[in-house]
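Enquirer: The structure is given below, and queries will be raised subsequently.
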Amino acid sequence: MVKHIVFWNLREDCDKDAAAAEIKVALERLVGLVPGLLSAEVRRCYQGCDVALYTELTDRAAVEGYQGHPEHLKAKTIVHSYAVERYAADYEV
């Protein structure tokens with residue numbers, strides 16, 4: 001299993017709570033659509049960054065498939081419309 005974690009900081013000129021809610025819907029809906037994506041959780045952060053994504057995928061091949069999946073690419077356009085900084089980490093368990 002691979003855990004894929006992403007943190008974003010959002011534009012100062014946006015409503016960060018509304019943006020986080022939109023990002024949450026866009027990314028969490030991918031469970032069941034993207035092969036190998038077992039879970040996805042998006043939360044508004046109170047310290048360190050604005051929004052965090054925590055996902056679990058079956059394996060490294062699933063991560064690669066997730067990154068290029070058309071539905072994920074659509075969700076990324078929403079995220080990128082708000083995000084100004086991104087930090088990510090993947091690790092196997």
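The values are calculated or read from the model by the stated rules, or taken from the named source; none is laboratory data. This structure is a prediction, so every number in the text was calculated from the model and none was measured. Remember, those area values only see protein heavy atoms, side chains included, never the ligands or the DNA or RNA. Shrake-Rupley method; radii C 1.70, N 1.55, O 1.52, S 1.80 Å.
Enquirer: Suppose all protein chains stay in the model; what accessible area per residue would a 1.4 Å probe give for the chain, in Å²?
Expert: Details: 5320 Å² over 93 residues.
That works out to 57 Å² for each residue.
Enquirer: Roughly what angle does helix 70-82 make with the longest principal axis of the chain, taking Cα atoms, 0 to 90 degrees, to the nearest 10?
Expert: Once rounded, the angle reads 20 degrees.
Enquirer: Using just the Cα positions, wrap the chain in a convex hull and report its mean projected area in square nanometres, one decimal place. Don't jump to the answer; show the numbers that get you there.
Expert: Values: hull surface 21.6 nm².
Averaging across all directions leaves 5.4 nm² for the Cα convex hull.
Enquirer: Taking just the alpha-carbon atoms of the range 49-90, what radius of gyration and Dmax come out, in angstrom?
Expert: Expressed in Å, the Cα Rg and Dmax of the range 49-90 come to 11.3, 29.
Enquirer: Identify all aspartates and glutamates with a Cα-Cα distance to K74 below 15 Å; exclude those on the same chain that are fewer than 8 residues away in sequence.
Expert: The qualifying aspartates and glutamates are E22, E28.
Enquirer: While we're on this one: Any chance you could give the angle, 0 to 90 degrees and rounded to 10, that helix 16-28 forms with the longest Cα principal axis of the chain?
Expert: Helix 16-28 sits roughly 10 degrees off the main axis of the chain.
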